Amino acid sequence: MGTAARLSRANAPRQGIHGGFLHSAERYAHRPAVEVRGTILTYDELRSRAMSLAASLQRATPSGGPPLTAVFAYRSATAYSGVLAALLSGHGYVPLNRTFPPDRTRTMLERSGCRSLIVDGESEPQLEAVLQLAKEPLLILLPERADTRSLRSRWSRHTILGASDLEPAGKFEEKPVLPDSIAYLLFTSGSTGIPKGVMVAHRNVAHLVSFMTARYGISEHDRFSQTFDMTFDLSAFDMFVAWERGACVCCPSEKTLLNPAKFIQDAKLTVWFSVPSVGVFMKRLGALKAGRFPTLRWSLFCGEPLPAEIAESWSSAAPKSVVENLYGPTELTIACCLYRWQEGKSEAECLRGVVPVGYPFAGMDVLVVDEELREVPPGEDGELLMAGPQVALGYWQDPERTATAFVVPPGRNQTYYRTGDRVRRPKETAPMCYVGRLDHQIKIQGHRVELGEVESLLRQEAGVEVAVAVGWPITPSGAGGIEAFVLGNQLEPRAILERLKRKLPAYAVPRRIHLLSELPLNPNGKIDRGQLAKLLADLPQF
Amino acid sequence: MVVSAEDIRSLVLEKLQPSLDAKGLSAEDVPDNFDLLTEGVIDSMGILQLIVEVEARFGITTDFEELDPENLTIIGPFCRHIAKKSLTVNR
């Protein structure tokens, strides 16, 4: 048994979110924990890999940094062992994504202050760009690389460990984890152009995991989809809810996600979780045929408004599954409200064809308020504020923004997070409905994009004073992409777009930049976004 | 309506011309195994829009169930799939 024997069930640290994984690794050592790229890792194998990485982190991480380790890995075995290794070593994990521009990844790494990072083979080519301006010496673990000699000479100030340099799993020493320690630090779009890091604590995730495992009756026979990249916090649901009970996380390739119908069947998934856009795609491609997914028990959607017609089609494609719409920003830890779709009843509860966000999780408190943070009467629209055990710790090294978003409203005695989402305060037992955003944040296939961030970079890259970004085309669940307008005529849109691609993730890069000699204004003198949308409607789509 | 894969390819390339130009590619340069997604010519929402435009132009609707998702964004298999479906479904 070796390493397994060292962590008997009795002394496994239950307080950390990886405690569930360790517990399952004892009970279900030879069951699959992860399936990714045709590789199956059993709980025992994944634990060994994670402990070996964790022991290496414990031995060699330079001192003086925050308790955070970056995981620069994408849909690979190393991504999963890396996340667990960071947690086992007593650190929170900071997910980085090779499909983002290296500039953005570098900003995230710098802002986090991580002194250690775990990198998979396919992300390695970007290291050069990411490490360019690294101020401190770092520990870089490359578990997929045999020979590190050339890298060592190139980056002599950093410590680079390849596969053969890693500590044996047996060297791992258990670390106690405090409930308030950071479990993960996740960067989201910030309106000023700099991504902001949301600090989510172990106790935040623990609350969600215990609520969800009980609600969904998860067992070692369940098989979860992993449609979300790790830079999207919903991915944490798949991992930690599955591992809590010995279930398997099945991770498809990026392209399979365009039409995952065959994957759902082949992998015999029992729990599906994605943004509604994936359902919209599948329906359009003819993949949501009645009875197509008989193995699914639960079909969960989150991240953007769920159109009623998608809930309906999915129900018929997965007839043995219950469809639930989840709601929650990163700051409230993955999800905090839910609504169960019930045919014949739910249709009447939808608002403008969108499924309600429903009811708060047990322990979470809802408050719908006006601009002065006073509760609005039932039936009125207002901003949604939520309090409870899933309210995150705040923004990393940003007390100002934390103070603005995490508030104690007048007459209350706990901290509420201001979601910036407009909802309709329900009457009596009716479900809560989503109405829209208060600001210029939009969702593109579930990804949060602050149009202000895109506009600020546009102004910078185009050297203009006025730039406007709008979500376009409008889809039932948000926007398909972004189109941009700038004031000026001596500009080269293609060159500007190329520069933006180096700063923004692909989903946030405008698909086109339109040059205008003047921008339409509304009677208040503000830019009339509605007029710009009309302009777009008259243009060809490419 | 029966449509040939060549007709579909021409329409697709015509629609994507601005993006191809930006990459310095002409229509003839685009090989059969050109991946519109990984080459950055189109995003996932763009694929749906492309399908909508192709279907509208030729008055057909296409079921993509049998097309391997790995091939959905590769120009050759994508065009041939629509052409094949136009034979069987829309006749």
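Among the residues making up region B:37-55, a single one is more than 11 Å from every other protein chain (Cβ to nearest Cβ) and open to solvent by less than 60 Å² (accessible area, probe 1.4 Å): B:V54. Yes or no: region A:437-446 includes at least one residue that is more than 25 Å from B:I47 (Cβ to Cβ) and over 25 Å from the mean Cα position of the chain (by Cα). No, because not a single residue in region A:437-446 is more than 25 Å from B:I47 (Cβ to Cβ) and over 25 Å from the mean Cα position of the chain (by Cα).
Cβ separations smaller than 9 Å between residues 6+ apart or across chains give the following pairs from region A:522-542 residues that are within 14 Å of chain B (Cβ to nearest Cβ) to residues that are open to solvent by 50 Å² or more (accessible area, probe 1.4 Å) and of a type outside the set (D, E, K, R): A:Q541/B:V52; A:F542/B:Q17; A:F542/B:P18. Can you find a residue that is at pLDDT below 95, outside the structural domain of A:P473 (by TED's automatic domain parsing) and open to solvent by 10 Å² or more (accessible area, probe 1.4 Å) anywhere in region A:240-249? No, the conditions are met nowhere in region A:240-249.
A search for C-beta distances below 8 Å between a residue of region B:56-69 that is more than 12 Å from B:I82 (Cα to Cα) and more than 8 Å from chain A (Cβ to nearest Cβ) and any residue that is open to solvent by less than 70 Å² (accessible area, probe 1.4 Å) and modelled with pLDDT of 85 or more, counting only pairs 6+ apart in sequence or on different chains, returns B:R57/B:L11. Regarding region A:295-309, can at least one residue be identified that is within 14 Å of another protein chain (Cβ to nearest Cβ) and among the aliphatic types (A, V, I, L, M)? Scanning region A:295-309 turns up no residue that is within 14 Å of another protein chain (Cβ to nearest Cβ) and among the aliphatic types (A, V, I, L, M). Scanning for something assigned to a loop (DSSP other than H, G, I, E, B), in contact (Cβ under 8 Å) with a residue 24 or more places away in the chain and of a type in the set (F, W, Y), does region A:174-187 turn up at least one residue? Within region A:174-187, none of the residues are assigned to a loop (DSSP other than H, G, I, E, B), in contact (Cβ under 8 Å) with a residue 24 or more places away in the chain and of a type in the set (F, W, Y). Here is a check on your reading of the model: is B:P31 within 25 Å of A:V278 (Cβ to Cβ), modelled with pLDDT of 85 or more and out of contact with any strand residue (DSSP E or B) (no Cβ under 9 Å at 6 or more places or on another chain)? For B:P31, the condition - within 25 Å of A:V278 (Cβ to Cβ), modelled with pLDDT of 85 or more and out of contact with any strand residue (DSSP E or B) (no Cβ under 9 Å at 6 or more places or on another chain) - is not met. For A:E343, are the conditions met, namely being surrounded by fewer than 23 Cβ atoms within 10 Å (Cβ to Cβ) and either assigned to a loop (DSSP other than H, G, I, E, B) or within 14 Å of chain B (Cβ to nearest Cβ) (or both)? Yes: the conditions hold for A:E343.
Figure legend. Inter-residue proximity from region B:1-15: first residues over 12 Å from B:A27 (Cβ atoms), second residues open to solvent by 20 Å² or more (accessible area, probe 1.4 Å) and of a type in the set (A, V, I, L, M, F, W, C), beta-carbon distance below 8 Å, spacing 6+ or different chains. Indicated pairs: B:M1/B:F58; B:V2/B:L87; B:V3/B:F58; B:D7/B:F58; B:I8/B:F58. Of the helices (runs of 4 or more DSSP H) entirely within region A:216-296, those holding at least 2 residues that are farther than 29 Å from B:G46 by Cα and in contact with a Ser or Thr (Cβ under 8 Å, 6 or more places away or on another chain) occupy A:234-244.
Against the condition over 22 Å from the mean Cα position of the chain (by Cα) and open to solvent by less than 30 Å² (accessible area, probe 1.4 Å), how does A:L385 come out, does it pass? In short, no. In the set (1) within 28 Å of A:P505 (Cα to Cα); (2) more than 8 Å from chain A (Cβ to nearest Cβ); (3) assigned to a helix (DSSP H, G or I); (4) open to solvent by 20 Å² or more (accessible area, probe 1.4 Å), B:P31 fails one condition alone, (3).
Selection over region A:148-165 of residues that are in a loop (DSSP other than H, G, I, E, B) and open to solvent by 70 Å² or more (accessible area, probe 1.4 Å) gives a count of 2. Taking the stated definitions as given, is A:R6 of a type in the set (D, E, K, R), in contact with a Phe, Trp or Tyr (Cβ under 9 Å, 6 or more places away or on another chain) and at pLDDT 95 or above? No. Could you say whether any residue in region B:81-91 is over 18 Å from A:L285 (Cα atoms), open to solvent by 20 Å² or more (accessible area, probe 1.4 Å) and either more than 14 Å from chain A (Cβ to nearest Cβ) or in a helix (DSSP H, G or I) (or both)? Yes: one or more hits. Looking only at region A:433-481, residues that are farther than 24 Å from A:K526 by Cα and either surrounded by fewer than 21 Cβ atoms within 10 Å (Cβ to Cβ) or of a type in the set (K, R) (or both) come to 1 in all. Checking the structure you have, find out if any residue of region A:286-296 is more than 27 Å from A:F361 (Cα to Cα) and under 20 Å from the mean Cα position of the chain (by Cα). No, that holds for no residue.
The values are calculated or read from the model by the stated rules, or taken from the named source; none is laboratory data. What you see is a predicted model, and the numbers here were worked out from it, not measured in a lab. Here Cβ is always computed from backbone atoms with ideal geometry, including for glycine, and neighbour counts include all displayed protein chains. The accessibility values were calculated without ligands, DNA or RNA, using every heavy atom of the protein model including side chains. Shrake-Rupley method; radii C 1.70, N 1.55, O 1.52, S 1.80 Å.
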